[in-house]
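What follows is a short report on a single structure.
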Amino acid sequence: MSHPVIPTREQPERWPVAETTDLLAPEVLADPHRHYRELREMGPAVWLPVHGVLAVVSDAEIRTVLKDRERFLEVGATPPGDIGAKRWARTVLSIGKQPVARPSGNTQRPADDVGQWMDAHAAKLVNEYVGKQEFDGVDLSQRFIADVVMRVTGAGEEAGHTAIRTMAAQESGGGDGAGSSLLGASAPRATAMITHLCQAVSRENVAEGSWLDTLYREADRGRIGQHTVVRLAAECVTTGIDTAIHGICTALDALAAREDLWADLRRRRILGVDVVREALRLDPLVPGAARVAARDTDLGGIPVRVRDTVWLSHLAAGIDPAKWGPYAQQFVVPRAHNSDYLAYGSDPFSQVGQALGERAADLLLDHLAFRCTRLEPAGAPERNLAIPARSWASLPVRITAHRGRVGGPRSVRTVGGPTGTGRRRGTGRASI
């Protein structure tokens, strides 16, 4: 198939072009997989005149751009010389009973171990919602994740609820309609959350012994840059809350629709974290990320000029069969290499949100599976399609409590690696 010729500054260059595709159109946001599949079939990158960007839709090319920081620059990136970013992003893994990732030479415990608190809090909330029999999965997810994130950052639970309200206010503001910028898809939400963070959590009022307090103390010792502390905290409060809530809701929606998947989770044949990872692979909250070409180059043979902005589609990468196999658009648990998805981002700071979100989601789903014999829809779920991020507006579910069980699972599992524990695994598979 021939494609229109797109003129450049010097000479015509042949780019695949999707003349009328608007990735922010309501019909695309409501059912995006077909549209993104069509773009991927046109080539590794496609020019979108409606948005004025070159959209990269091949998983391999997206990862090439993300790794090549000489050819492609992150918009608003932290200077690479800022010390401690990659090492200290991993210290949030000290929650629960996981091995603590310490920077070399540091013998101090990097953060308060809140694993027992998270487990008890998940049990408390699940017990409350089980008593309701029917509840909104969005409400449960928001409450738990906000409490966890604010506990880790030392801001307190009330600050977490305020953060959720801040995020909701941004969602209710609506989008710019057809043709609005993909590049700024999550900017208002992130800006609002970071503004709230600066007001609620500062060097002066952060709780002693919290993860963020530890980072501030390490910055005082010169072991980590002050700017890095701000970026780590911002990542925790933005993707740590936003994407984690979305992941839990998407997982609950799949579990409610799939009796076999719920049965596997209850019998511990699959991990809750694997369900969440698969949910976020197929349905990332933030549609993509932007990079700027530092020099004339190419992507899969498609010319890219210096200062051109390319948009990397997280959703297209998540359904690319070259990466995920012939069942790329199906919900499969477990799936090999399932932690290698892009919903949380790809830079070192994103490890904060991903580690915290996955751990919290795993605990919450574990407690639900322990206490409930059945999970099913209680009405039609609703998405918030007024903004590019396809967040959940409501997710009504109905549960049947296990009469012989109270409290929580007898032992709290440790998620010690990308595939979790050695629990027996099921082979659930269904089209989404």
* Asked: With a sphere of radius 13 Å drawn around the Cβ of Thr21, what net charge do the other residues whose Cβ falls strictly inside it have (Lys, Arg +1; Asp, Glu -1)?
  -> -2
* Solvent-accessible area of Lys132 with every protein chain in place, 1.4 Å probe, in Å² to the nearest 10 -> 100
* Quick one: net charge of Ala60's neighbours, Cβ under 12 Å, K/R +1, D/E -1? -> +1
* To do: Select from the stretch 221-281 those trypsin sites (Lys or Arg not before Pro) which occupy a DSSP coil region and have at most 15 other Cβ atoms within 10 Å, ordered by residue number.
  => Arg221, Arg267
* Asked: Can you list the aspartates and glutamates whose alpha carbon is less than 13 Å from that of Lys67, not counting same-chain residues fewer than 8 positions off?
  -> Asp59, Asp347
* Straight-line reach from Lys124: which aspartates and glutamates have a Cα under 20 Å away, not including same-chain ones fewer than 8 places off? -> Asp113, Glu134, Asp136, Asp139, Asp147, Glu157, Glu158, Glu358, Asp362, Asp366
* Asked: What's the center-to-center distance, using Cα atoms, between the stretch 291-346 and the stretch 36-67 in Å?
  -> 8
* To do: Under 9 Å from the Cβ of Asn338, count the other residues' Cβ atoms, weight Lys and Arg +1, Asp and Glu -1, and hand me the total.
  => 0
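The values are calculated or read from the model by the stated rules, or taken from the named source; none is laboratory data. Just so we're clear, the structure is a prediction, and the values are computed from it rather than from any experiment. Don't worry about glycine lacking a Cβ; one is built from the backbone with ideal geometry, like all the others, and counts go over all protein chains shown. Heads up: the accessible areas ignore ligands, DNA and RNA and are worked out on the full protein's heavy atoms, side chains in. Shrake-Rupley method; radii C 1.70, N 1.55, O 1.52, S 1.80 Å.
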